[in-house]
Each structure stands twice: as structure tokens, then as C-alpha cells.
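Down below is the structure, laid out as C-alpha cells.
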């Protein structure tokens, strides 16, 4: 599902149970960047893929504190 991302970024998403685009859009950029192994490049690639699917990350809510 997240083949465009590096292995560390994929593992970071898996570590909090994210396995689909419908799950990842519940999180904000800040949430994802707070994960060990998920950095700016992973965020950029993920946002590009989400945009192609007409989806976007949550802008208003932080699920990870």
C-alpha cells in the first residue's frame, strides 16, 4: 500500500496500526512527523499519493501526543 515510502517510514506507520489510506488520513502532518522513522521526504511522498487519490491528511486534529 505504501510502497513509495522508505522501509523506515512504512514501519513507522505500521507501528501505530496504519495499513490503508483511509486510516492515514485521520492523522495530521505533525502526528506523522512525530513518528520515529517518518520524516519530511516520507510526508511529501505520502501527500503526493494521497492527492492522486483525492485524499488529504487531517489538518485540525492531533491523535498522537
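The values are calculated or read from the model by the stated rules, or taken from the named source; none is laboratory data. Computed from a predicted model, the values in this text were never measured in an experiment. Note that each Cβ is placed from the backbone with ideal geometry, even for glycine, and that neighbours are counted across all protein chains shown.
Candidates in the stretch 8-48 are the residues that are surrounded by 17 or more Cβ atoms within 10 Å (Cβ to Cβ) and more than 17 Å from residue 63 (Cα to Cα); of these, the one that is nearest to the chain's Cα centre (by Cα) is 46. Every test in (1) surrounded by 15 or more Cβ atoms within 10 Å (Cβ to Cβ); (2) modelled with pLDDT of 95 or more is passed by residue 2 save one, and that test is (2). Screening the stretch 49-65 for residues that are closer than 17 Å to residue 3 by Cβ and surrounded by 12 or more Cβ atoms within 10 Å (Cβ to Cβ) and picking the one that is farthest from the chain's Cα centre (by Cα) gives 55.
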